[in-house]
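Worksheet: the structure to be examined is printed underneath.
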Amino acid sequence: MTELVLSLPDPAANADLGARLARLLKAGDAVLLEGGLGAGKTTLARGAIEALTGIADAPSPTYTLVQHYETQEGLVLLHADLYRLEDPEELDELGIDEALDHGAALIEWPDRMGGWRPADRLDITLEDTVAGGRTARLKAHGSWETRLGGLAD
Ligand SMILES: Nc1ncnc2c1ncn2[C@@H]1O[C@H](COP(=O)(O)OP(=O)(O)O)[C@@H](O)[C@H]1O
Ligand SMILES: [Mg+2]
């Protein structure tokens with residue numbers, strides 16, 4: 001399966017998708033979270049972080065750009081919000097490549113990375129619905145193609 005469209009009627013549904021996604025994450029996974037300001041990217045990431053670390057209401061990396069976590073199983077989890085990244089040259093300092101050597105990365109505003117797209121990745125695009133909820137469009141690449149089905153309702 002390469003594509004999946006899910007309905008997320010409220011914030012709790014984003015968090016639940018994040019929690020289900022968390023169970024599939026392994027070292028080397030990049031999850032690119034796309035969608036405009038307020039689309040629900042951080043809400044989804046928080047759901048994944050809480051499921052893996054027990055930390056509720058993880059801070060949004062709006063200004064720090066990245067937050068690192070480590071799960072009880074020893075998986076490094078990086079949460080990035082690159083909205084304020086000014087120059088892709090700064091990316092080296094954020095340690096995203098290193099994080100992917102040992103863990104997984106959830107990345108908001110991946111377009112700020114100047115076309116960086118790992119072959120093994122899951123793209124999630126969040127859009128507003130007229131009813132006030134969100135739609136998530138998931139697109140699997142590489143090894144995600146065999147795992148995407150695990151996120152179906
Ligand atoms: N599925 C949803 N339906 C309705 N509101 C949502 C949904 N997901 C998130 N929200 C709300 O949208 C707002 C912005 O969410 P946030 O995750 O911070 O967006 P982003 O990180 O994309 O800017 C928050 O108030 C959040 O509770
Ligand atoms: Mg955000």
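Here is how the numbers come out for the structure above:
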quantity	calculated
Some residue of the stretch 50-58 being within 13 Å of residue 80 (Cβ to Cβ), in contact with a helix residue (DSSP H, G or I) (Cβ under 6 Å, 6 or more places away or on another chain) and surrounded by fewer than 24 Cβ atoms within 10 Å (Cβ to Cβ)	yes
Identity of the residue in the stretch 1-36, surrounded by 15 or more Cβ atoms within 10 Å (Cβ to Cβ), charged (D, E, K, R) and within 25 Å of residue 116 (Cβ to Cβ), that ends up farthest from ligand 2 (Cβ to nearest atom)	29
Scan of the stretch 78-104 for residues that are closer than 21 Å to residue 24 by Cβ and in contact with a helix residue (DSSP H, G or I) (Cβ under 6 Å, 6 or more places away or on another chain), ordered by number	78, 79
Residue within the stretch 30-50 that is over 11 Å from the mean Cα position of the chain (by Cα) and more than 16 Å from ligand 1 (Cβ to nearest atom) present	no
Members of the stretch 19-48 found to be in a helix (DSSP H, G or I) and touching a residue at least 40 places away in the same chain (Cβ under 8 Å), listed by number	20, 21, 41, 42, 44, 45, 48
Which numbered condition residue 35 misses (of (1) closer than 20 Å to residue 121 by Cα; (2) in contact with a Phe, Trp or Tyr (Cβ under 9 Å, 6 or more places away or on another chain); (3) not β-branched (Val, Ile, Thr))	(2)
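Read-outs throughout are calculated quantities, based only on the coordinates presented, and are distinct from any laboratory measurement. Please read all numbers here as calculations on a predicted model, not as lab measurements. Please note: Cβ atoms are built from the backbone with ideal geometry, for glycine as well, and neighbour counts cover all protein chains shown.
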